[in-house]
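Comments concern the structure below.
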Amino acid sequence: MTSFDEAFVDVQAFQPPGKWQARANNLMVWLVAIMLLVAGWFFSDWMMSQFGYLALAQDEPGIPYPVQWLPQPAHDLALQVFDPDSASLFPAREEVAVLPLPDAPLAITWPEIRQQQLQDYHEQERLLTTLTDGRQALLLTYTHLEESDNTPVVVMAQDLAFVINDGRADRLVVVTLAADAHEWEAMAPAFERILQKMGVTTP
Amino acid sequence: MPPNVSYPDIRAEDLRRAARNRPGFWAASLITATLGILAGIAIFMGWLILPDAWIPAQFWPLVQILLALTPALIWLISFSIGNRTGNGMRRAVFLLWLVTAALYFVTVNPLTAHVFQLDVWLYTAWWSELLGRLLVIAPLELFFIYLVVRYGVYPTSAFHTLTDGAIYGAAAGLGVATALNLLSVFSPGFPDLSQGVLQSCEQALGYVALGALLGYFMGQERFRRTNTFYLASGLLLTVILHAMFFFTLNVIQANDIFLQSLDALIFAGVFAIILFAVIYWLLHRSRRAFRRMAALLEIREEANKPKSLLADVMQMVEAEQLEVRPSPPPPPSSPGNDHDDEDELESLKKSWEALIAEQEAGHDKL
């Protein structure tokens, strides 16, 4: 006769899973993990594609910018967008300027132009790189001082300068990614995404 | 309906073996958590000053490696001291830790950096970080831990108690923490030694506890019949905890709410201790159920054991239910007594058969 205690015990529960049951359990784990990772891959892809594009000319590459950033029109710039979450007096930004092409090589003239334009300019790095379509570009990293509400702010910035043809003449395009030096590290992933979208490769 | 079933596959000694505890594991985890928190408090209070400037440049790589390995070594050494019975297990735990750390560099790390490109988008916003952890980092790391344990020790004889799952999970988790610590200490943004100690402890505490939780589910699945979704649900729960833990840890590190750098370490320590307490309680319940089942099986086996006639007679003699008398001397044999002898033999045979019948009837009643 079955004892009182035994009547309430699920005996089968103490039996290890059979070979096929163990395989089914393992398969379920694989399925769940793969489903999560596929979702993760789609999310990562979506995150990488959260950009708007500024078209400068036909058959020329568009300039990517984060769609969440706020645009602010400026008369001498083709595009200016700010990071709305930036806490600094000098919010992180992306600017695109289209300028006449200088006569001398870009790698020499553009840093000189910047030095004349900006206060307390210090060059950090000067690199020659290529874009997605293989065209040459200059990547210039520097710091300078900016007055914002009468408060000096140390700004760190990167200029990506390259040449396009707008149908009439060759033009110099300069994409500037700038942020308060204290915020630079936090903003680096966003800036890196923009450069990556443009296919910037450094040697 | 009572489960009056035969279960020849379940043996009491197997259940008792599976229900065995591993006190060394709990002691090692508690020691690691306590030492980590104490080191953090000592650094915070200024009792422990790590002299970055005094270390010659050529010794820096050595110091950095030591920094990354220390939490794992503390756990492994205290586990080895506390678990003296199984040499094989100590070897398996050490190998699992080493293999997990080594494989991390060639599997998970390239995937996160090049396939998912986390560096580019993870910290764009708080929600991208949370979702990135939930959908990429946590599943990748925990599935990696699962695979190492599942194909490393799960099918072997080294995995033979319910607690072993948590132990091997913790060892594999420490492997991941060690790999991440090594990547962190050799990264350009590495802070000073004090911050390095804190970060190293936080990583180790998080991963050892999460690995143990995943291992707990694997241990249960290995020794008892579970639902097909049981283990997968365990992985899912651990993934959610992983994402929430490291997301919160990052928020605390970024904000320094109460005690600056110590906040994150205290959070990691409390998280690890609570998780270990929960795992201990769950395992304690399981082991108790296994022991109870083993006792039931032993009672049943005892009841089903066939009794020998001699054992019954001896029992009756001991209970003084049967009087033992010295047998009378045999009568002198004579040729004229042949008929009497046959009668006596017949009567003995009958009484023997009656005794056997009586015994059998007694067994049926039982």
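The figures follow:
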{"quantity": "Per-region count, the range A:169-188, residues within 14 Å of chain B (Cβ to nearest Cβ), surrounded by fewer than 19 Cβ atoms within 10 Å (Cβ to Cβ) and not charged (D, E, K, R)", "calculated": "3"}
{"quantity": "Test: residue in the range B:166-189 that is assigned to a helix (DSSP H, G or I), modelled with pLDDT of 90 or more and within 10 Å of chain A (Cβ to nearest Cβ)", "calculated": "no"}
{"quantity": "The range B:275-286 - residue that is buried (at least 16 other Cβ atoms within 10 Å of the Cβ) and either within 12 Å of chain A (Cβ to nearest Cβ) or among the β-branched types (V, I, T) (or both) and, of those, nearest to the chain's Cα centre (by Cα)", "calculated": "B:I279"}
{"quantity": "Matching entry among B:V99, B:V115, B:V93, B:V106 (being crowded, with 19+ Cβ neighbours inside 10 Å, assigned by TED's automatic domain parsing to the domain that holds B:I65 and of a type outside the set (S, T, N, Q))", "calculated": "B:V93"}
{"quantity": "Any hit, the range A:56-66, residues being among the polar types (S, T, N, Q) and closer than 30 Å to B:E129 by Cα", "calculated": "no"}
{"quantity": "Identity of the residue in the range A:39-62, more than 9 Å from every other protein chain (Cβ to nearest Cβ) and at pLDDT below 80, that ends up surrounded by the most Cβ atoms within 10 Å (Cβ to Cβ)", "calculated": "A:A57"}
{"quantity": "A:L195 touching an Asp or Glu at 6+ places or on another chain (Cβ under 6 Å), free of Cβ contacts under 8 Å to residues at least 60 places away in the same chain and either more than 14 Å from chain B (Cβ to nearest Cβ) or in a helix (DSSP H, G or I) (or both)", "calculated": "no"}
{"quantity": "Residue in the range B:93-110 that is within 14 Å of another protein chain (Cβ to nearest Cβ) and out of contact with any Cys (no Cβ under 6 Å at 6 or more places or on another chain) present", "calculated": "yes"}
{"quantity": "Index of the failed condition, B:G234 passing every other in (1) over 13 Å from B:G165 (Cβ atoms); (2) part of a helix (DSSP H, G or I); (3) within 10 Å of chain A (Cβ to nearest Cβ)", "calculated": "(1)"}
{"quantity": "Among (1) more than 9 Å from chain B (Cβ to nearest Cβ); (2) under 30 Å from B:E129 (Cα atoms), the one test that A:H75 misses", "calculated": "(2)"}
{"quantity": "Residues located in the range B:142-165, provided they are of a type outside the set (V, I, T) and in a loop (DSSP other than H, G, I, E, B)", "calculated": "B:Y154, B:P155, B:S157, B:A158, B:F159, B:H160"}
{"quantity": "Selected residue [of a type outside the set (A, V, I, L, M) and on the phi > 0 side of the Ramachandran plot] from B:Q64, B:Q117, B:Q58", "calculated": "B:Q117"}
{"quantity": "Unique residue being in contact with a helix residue (DSSP H, G or I) (Cβ under 8 Å, 6 or more places away or on another chain) and hydrophobic (A, V, I, L, M, F, W, C) when the list is A:L101, A:L106, A:L118, A:L128", "calculated": "A:L128"}
{"quantity": "Filter result for the condition that a residue is touching a Ser or Thr at 6+ places or on another chain (Cβ under 9 Å) and aromatic (F, W, Y), over A:F90, A:F82", "calculated": "A:F90"}
{"quantity": "Single match in B:A243, B:A209, B:A232 (criterion: without any contact (Cβ under 8 Å) to a residue 12 or more places away in the chain and under 21 Å from B:V136 (Cβ atoms))", "calculated": "B:A232"}
{"quantity": "Flag if B:Y230 is of a type in the set (S, T, Y) and surrounded by 22 or more Cβ atoms within 10 Å (Cβ to Cβ)", "calculated": "no"}
{"quantity": "Sole residue being modelled with pLDDT under 80, out of contact with any Asp or Glu (no Cβ under 7 Å at 6 or more places or on another chain) and among the polar types (S, T, N, Q), chosen from B:Q64, B:Q58", "calculated": "B:Q58"}
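Table: residues versus (1) touching a residue at least 24 places away in the same chain (Cβ under 8 Å); (2) at the interface with another protein chain (Cβ under 7 Å from one of its Cβ atoms); (3) surrounded by 20 or more Cβ atoms within 10 Å (Cβ to Cβ).
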site	(1), (2), (3)
B:A125	no, no, no
B:L130	yes, no, no
B:V136	yes, yes, yes
B:I145	yes, no, yes
B:T161	yes, no, yes
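The values are calculated or read from the model by the stated rules, or taken from the named source; none is laboratory data. Keep in mind it's a predicted model, so treat the numbers as computed, not measured. Quick reminder, even Gly has a Cβ in these numbers, built from the backbone with ideal geometry, and neighbours come from all protein chains shown.
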